Amino acid sequence: MSERRVELGLRENLAQFSLLVAINAFVGAMVGLERSTLPLIGQTDFDLASKAAVLSFIVAFGLAKAITNLGAGALAQRLGRRRLLIAGWAIALPVPLLIAVAPSWGWIVAANVLLGINQGLAWSMTVVMKIDLVGPRRRGLALGLNEAAGYGGVAIAAAASGWLASTLAPRDVLVVASAVIAMTALALSLLFVRDTAGHVALEQASHSDGGVAPRLRAAFADATWRRPALRSCSQAGLVNNLNDALAWGLVPLFLAAHGASVGEVGAVAGIYPAVWGVGQIFTGHWSDRAGRKPLIVAGMLLQAAALGVFALSDGRFAVAALAAALLGVGTALVYPTLIAAISDAVTPIARAPTVGVYRFWRDMGYAAGGLIAGTVADALGFDGAIAVVAGLTAASGLWVAIDLRPGEGPVDEDLRLTSGQQVLAGHTRS
């Protein structure tokens with residue numbers, strides 16, 4: 001084993017940072033493949049008539065991912081980020097096989113439980129490792145790049161799978177592409193990713209509060225109700241993914257019911273995460289300068305307005321595409337900024353468990369969104385379901401406006417590291 005010079009900063013860790021960006025693009029692509037195909041597969045291959053039944057795969061995905069996020073945050077400090085990343089990709093390997101041989105929709109739901117575990121481990125670790133690498137001063141930019149890569153992967157995979165599914169069997173497209181992605185990402189993680197424990201130790205050394213990570217119970221209480229800076233972000237994350245569940249599961253059915261082709265469904269399914277992904281490159285960096293709260297509030301209200309446009313579109317492709325773009329802009333303002341705000345408010349040693357709790361609540365939004373959107377759509381139709389979710393999104397933005405208190409957290413007290421600070425620390429591949 002050899003010693004490595006550990007230093008904080010994007011430029012100083014560019015190779016590892018870029019590798020993690022690429023791996024997160026694969027994480028996003030695994031989900032993107034389903035966005036334009038799986039709701040339609042539920043109706044065509046398995047004859048599901050109920051919207052709630054079709055969206056059951058999103059509920060299973062959301063529950064699995066949320067619970068995994070919680071466990072991953074607690075285990076990251078103990079087991080190491082890299083090990084959890086590798087475990088996440090190993091768990092993804094059976095997903096394409098289950099989808100390929102599924103005799104019933106229950107098998108698809110089971111595959112999405114494994115996919116949720118994959119996303120909870122792999123995405124959580126790429127997020128936390130990038131924050132570890134860059135230090136406090138470029139946190140928003142790092143998260144913007146991370147989320148841009150992930151949702152760029154979602155967008156490309158959603159659009160490409162929709163286009164291919166217009167000429168090939170949608171299930172075949174999903175199976176082959178997901179198998180290739182999972183095997184490639186696992187190989188990259190095994191061969192080239194290094195753990196970031198040394199970077200956490202370096203940043204933690206600037207704090208006077210010791211080096212003990214909080215217990216999961218304490219982190220859960222802080223991020224759920226005890227601390228306004230954390231609880232307001234947790235509820236906004238939940239509602240953000242609640243409306244994302246609607247965009248994922250219900251919008252393709254909504255468009256198809258109004259006569260849209262598979263290619264048009266794929267285009268709308270790709271526009272939303274494409275704008276979301278690219279936008280985060282700029283919004284994450286912007287939040288470092290302008291502050292977190294203004295971007296979060298504006299983004300949630302813009303999401304609500306975009307969903308209102310969807311509800312009034314009558315499935316017209318041009319209007320739906322505009323609504324998807326607006327929804328992408330709103331989500332780009334919110335998504336990296338929420339994680340940056342959470343990270344601002346805690347010490348480095350508390351980052352993984354606290355981000356894990358936030359991501360638990362955020363991804364519970366998929367389960368809540370699948371249940372609410374599916375149930376309301378069965379009762380009131382597509383327009384009613386979209387309108388209900390739009391109202392919840394606007395209310396969440398107002399909650400942040402009232403409850404989030406800028407300036408709370410260690411970043412504003414004593415985190416003044418620059419990207420050039422260095423120590424020589426023993427840091428080896430783990």
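The values are calculated or read from the model by the stated rules, or taken from the named source; none is laboratory data. Note that the coordinates shown come from a computational prediction; the quantities given were computed from them, not determined experimentally. Please note: Cβ atoms are built from the backbone with ideal geometry, for glycine as well, and neighbour counts cover all protein chains shown. Only protein heavy atoms, including side chains, enter the accessible area calculation; ligands, DNA and RNA are left aside. Shrake-Rupley method; radii C 1.70, N 1.55, O 1.52, S 1.80 Å.
Figures for the structure shown
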read-out	value
Positive-end residue of Ile181, Ala205, Gly152, charge dipole of region 142-234 with Cβ unit charges	Ala205
Stokes-Einstein translational diffusion, region 243-370 - Kirkwood Rh over all Cα pairs, 1.306 mPa s, 10 °C, in µm²/s	103 µm²/s
Within a Gaussian network of the chain (alpha carbon springs, distance under 10 Å), most fluctuating of Asp172, Asp363, Asp244	Asp172
Proportion of all alpha-carbon pairs of region 328-413 beyond 18 Å (%)	56 percent
Carbon plus sulfur fraction of accessible area for the chain, probe 1.4 Å, in percent	67 percent
GNM top mover of Pro103, Pro228, Pro273 - the chain, alpha-carbon springs below 10 Å	Pro103
Per residue solvent-accessible surface (Å²) - the chain, probe of 1.4 Å	35 Å²
For Asp45, net neighbour charge (Lys/Arg +1, Asp/Glu -1) across residues whose Cβ lies under 14 Å away	-2
Residue among Trp248, Trp276, Trp105 with the largest mean-square fluctuation in a Gaussian network model of the chain, springs linking Cα atoms under 10 Å	Trp105
Ser261-Ala15 pseudo-label distance in nm [points 7 Å out on the Cα-to-Cβ vector]	4.7 nm
Cα pair distances of the chain binned at 20 Å [whole percent]	29, 58, 13, 0
Calculated FRET value between Ala187 and Arg78, using beta carbons and R₀ = 25 Å, to 0.05	0.45
Residues of type lysines that Lys130 reaches as a straight line, Cα spacing below 21 Å, ignoring anything fewer than 8 places off in the same chain	Lys65
Cα-based helix-to-principal-axis angle, 81-92 vs the chain, degrees rounded to 10	20 degrees
17 Å reach of a label modelled at Thr224, 7 Å along Cα-to-Cβ, counting backbone N of region 52-72	63-72
Summed side-chain charge close to Val31 - residues other than Val31 whose Cβ falls under 12 Å, Lys, Arg +1, Asp, Glu -1	-1
Net charge contributed by nearby residues that have their C-beta within less than 12 Å of Leu75 (K/R +1, D/E -1)	+3
Principal-axis tilt of helix 56-79 within the chain, Cα atoms, nearest 10 degrees	10 degrees
Cα long-axis angle, helix 14-35 against the chain (0 to 90 degrees, to the nearest 10)	20 degrees
